[in-house]
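J.: Handing you this structure, nothing more for now.
The values are calculated or read from the model by the stated rules, or taken from the named source; none is laboratory data. Computed from a predicted structure; not experimentally measured. Every residue, glycine among them, receives a Cβ derived from its backbone with ideal geometry; neighbour counts consider all protein chains shown. Areas reflect the complete protein model, heavy atoms only, side chains present, ligands, DNA and RNA absent. Shrake-Rupley method; radii C 1.70, N 1.55, O 1.52, S 1.80 Å.
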Amino acid sequence: MNFSKTLMSFAAIAVTAVISSSAMAVQQGDWLVRTRIINISPNVSSGEITFMDGTPVAPPSGIDVDSAVTLDIDITYMFTNNFGVELLLDLTSAHDVNATGNLGTAIPGKIAEVTVLPPALIAQYHFMPQNNIRPYAGAGISYTFFMNEKTTDALTNGLGAGSSDLIVDDTLAFLVQAGVDVDISQNWYVNFDAKYFLMDTMATIRVDGTNTYQVDFDLDPMILGVGIGTRF
């Protein structure tokens, strides 16, 4: 899925539509529903990979997490003409985990994979609810779940182990948001949305059934989305 081409296509639709559309107008009591294609780009700041007693493993060594594309759905209720609360319901996204530093040199490529689910509740302020171009900003919290963690054979073999597995701690995250809705008809609008999560967690690597290594890291993903919405 080419996210850049999708974004440009939606932008072209929005520009064309703004020229001819009249304002939908958002007001108190409205429900806004959007669905988007999103690109999740983690900005990882990794601590050292250590043994469970805190002793570093082949320093400097850490981890990195790759980007992923998925879908999200959000539902916003407008408590006033300007203020609303959004419930964000992303679909899960699967991310590759790579080692960095000396461990990355010893075990290149993917060492693990993890699935992420980050539902969030966001307070939003809509600046121009009566216009056909309606920017908004928000801030909120997310409780992020990490699921289906699994290591690769490359990591297991590189550690000289018979088996290995990964545990990533679920975590509370804070986020900020900015976006804009652009009318394309009386009932539909194109949406562009950006969110930045402040998220830190810890991963534990079990070797042959025993907790052996751990690493603290900040994930801090930037999430860019483009999609379509309607109002009820």
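J.: Filter the stretch 127-167 down to the residues that are touching a helix residue (DSSP H, G or I) at 6+ places or on another chain (Cβ under 8 Å) and outside any helix (DSSP H, G or I), then identify the one that is surrounded by the most Cβ atoms within 10 Å (Cβ to Cβ). I'd like the intermediate steps shown before the answer.
T.: Restricting attention to the stretch 127-167, the residues satisfying the condition of being touching a helix residue (DSSP H, G or I) at 6+ places or on another chain (Cβ under 8 Å) are 132-133, 158, 162-164.
From what is left, the residues that are outside any helix (DSSP H, G or I) are 132-133, 162-164.
Numbers: Asn132: 18, Ile133: 15, Gly162: 9, Ser163: 11, Ser164: 23.
Here the answer is Ser164.
J.: Let me ask something additional. Here is a list: Leu121, Leu89, Leu71. Which entry is in contact with a Pro (Cβ under 9 Å, 6 or more places away or on another chain), of a type in the set (A, V, I, L, M), open to solvent by 20 Å² or more (accessible area, probe 1.4 Å) and not in a loop (DSSP other than H, G, I, E, B)? Break it down into steps so the answer makes sense when it comes.
T.: Working: Leu121 fails: in contact with a Pro (Cβ under 9 Å, 6 or more places away or on another chain); Leu71 fails: in contact with a Pro (Cβ under 9 Å, 6 or more places away or on another chain).
Answer to the selection: Leu89.
J.: Return the only residue of Ala173, Ala161, Ala137 being among the hydrophobic types (A, V, I, L, M, F, W, C), touching a strand residue (DSSP E or B) at 6+ places or on another chain (Cβ under 8 Å) and over 20 Å from Gln214 (Cβ atoms). Before you say what the answer is, go through the steps one by one.
T.: Details: Ala173 fails: over 20 Å from Gln214 (Cβ atoms); Ala161 fails: over 20 Å from Gln214 (Cβ atoms).
The match here is Ala137.
J.: Further question on the same structure: When you scan the stretch 84-121, how many residues do you find that are farther than 27 Å from Leu172 by Cβ and touching a helix residue (DSSP H, G or I) at 6+ places or on another chain (Cβ under 9 Å)?
T.: 6
J.: While we're here: Which residues, counting only those in the stretch 30-59, are in contact with a helix residue (DSSP H, G or I) (Cβ under 6 Å, 6 or more places away or on another chain) and at pLDDT below 95?
T.: Of everything in the stretch 30-59, just one residue is in contact with a helix residue (DSSP H, G or I) (Cβ under 6 Å, 6 or more places away or on another chain) and at pLDDT below 95, namely Ala58.
J.: Let me ask something additional. Which of the residues belonging to the stretch 168-222 are among the charged types (D, E, K, R), part of a strand (DSSP E or B) and open to solvent by less than 30 Å² (accessible area, probe 1.4 Å)? Spell out the reasoning first.
T.: Going through the stretch 168-222, the residues among the charged types (D, E, K, R) turn out to be 169-170, 181, 183, 193, 195, 200, 206, 208, 216, 218, 220.
So of that shortlist, the ones also part of a strand (DSSP E or B) come out as 181, 183, 193, 195, 200, 206, 216, 218.
Residues satisfying the conditions are Asp181, Asp183, Asp193, Lys195.
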